[in-house]
Amino acid sequence: MDIQELLMCEIRTQCIFALKAYEDLTKSLELIKHANTDELDRFWYSIQAFLVAVSNVSKILWPSAPLGSELPPEMSSRSENLRNSLLIKQSFPLKPRKFRNYPEHYDMELEEWVAKSKDGMLVDSNIGPIDLDPSTPPGPIAYVRNFDPVRFTLIFRDEEYQIREIAKAINDLTQKIKTSYS
């Protein structure tokens with residue numbers, strides 16, 4: 001097995017993990033809607049598992065060099081070949097690094113964000129629609145993590161991540177891999 005095949009297998013594995021996490025989070029959300037608050041930890045665990053798996057797919061398809069160095073040309077070429085073989089466009093929703101870096105740099109980003117959000121109330125692990133206007137009563141609210149079940153959107157540090165859109169992209173990618181490499 002060459003590196004290209006190995007990476008394709010890993011993309012498939014991470015897609016399966018992401019889809020399982022998505023299924024778990026939707027099941028947990030349904031139980032939470034029926035007042036089963038014991039599912040809150042499972043829900044947030046599933047969100048994190050989803051983000052990690054999606055981030056791993058993104059890193060294989062769009063690798064980045066370690067700080068202070070350049071991406072080796074063979075790595076860049078390999079990832080481009082993978083994207084081309086899977087017919088992935090530049091607009092693919094896994095490309096942006098905004099949430100890809102969330103699980104990896106959580107501590108640094110949280111410290112930086114808390115320092116900027118000193119004058120308000122911090123809310124973490126909330127589930128419900130919110131108004132992202134931080135000046136609405138009862139005063140400035142800073143959301144560490146919020147999940148909007150109406151729009152199926154994760155809000156982390158006041159930035160939105162469309163979970164349904166990402167899950168659909170992961171599902172489509174899984175189908176392409178099954179079709180192309182079975």
From the phi of every residue in the range 7-17, what ³J(HN,Hα) in whole Hz does the Karplus formula 6.51 cos²θ - 1.76 cosθ + 1.60 yield, where θ is phi - 60° and glycine or proline is x?
-> 5, 5, 4, 5, 4, 4, 4, 5, 5, 4, 4
Give, in whole angstrom and from largest to smallest, the semi-axes √(5λ) of the equivalent ellipsoid of the range 1-87, with λ running over the eigenvalues of the Cα gyration tensor.
-> 34, 14, 8
Helix 73-85: inclination vs the chain longest Cα principal axis, degrees, rounded to 10, gives 80
Would you mind putting 71-82, 47-58, 24-35, 163-174 in packing order, based on average other-beta-carbon counts within 10 Å, highest first?
-> 47-58, 163-174, 24-35, 71-82
Please give the contour-minus-distance gain from Met121 to Asn171: 0.36 nm per residue of separation, less the Cα-Cα distance, rounded to one decimal in nm.
-> 14.3 nm
When averaged across all projection directions, what area in nm² does the alpha-carbon convex hull of the chain cover?
-> 12.3
So what is the accessible area of the chain per residue, in Å², with the probe set to 1.4 Å?
-> 58
Using a Förster distance of 25 Å, how high is the FRET efficiency between Met1 and Asn84, based on the Cβ-Cβ distance and rounded to 0.05?
-> 0.80
Based solely on its DSSP helices, what 222 nm [θ] is calculated for the chain when runs of n ≥ 4 H residues each add -39,500 (n - 2.57) and the sum is averaged over all residues, nearest 500 deg cm²/dmol?
-> -18000 deg cm²/dmol
Of the listed links Lys89/Lys178; Lys89/Lys168; Lys27/Lys116, those spanning more than 26 angstrom between alpha carbons are Lys27/Lys116
1/(1 + (r/R0)^6) with r = Cβ-Cβ of Asn36 and Glu111, R0 = 30 Å, i.e. FRET efficiency to nearest 0.05, evaluates to 0.35
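The values are calculated or read from the model by the stated rules, or taken from the named source; none is laboratory data. A quick note: this is a predicted structure, and the numbers were derived from the prediction, not measured. Don't worry about glycine lacking a Cβ; one is built from the backbone with ideal geometry, like all the others, and counts go over all protein chains shown. Note: accessible area is taken over every heavy atom of the protein model, side chains too, but ligands, DNA and RNA are not part of it. Shrake-Rupley method; radii C 1.70, N 1.55, O 1.52, S 1.80 Å.
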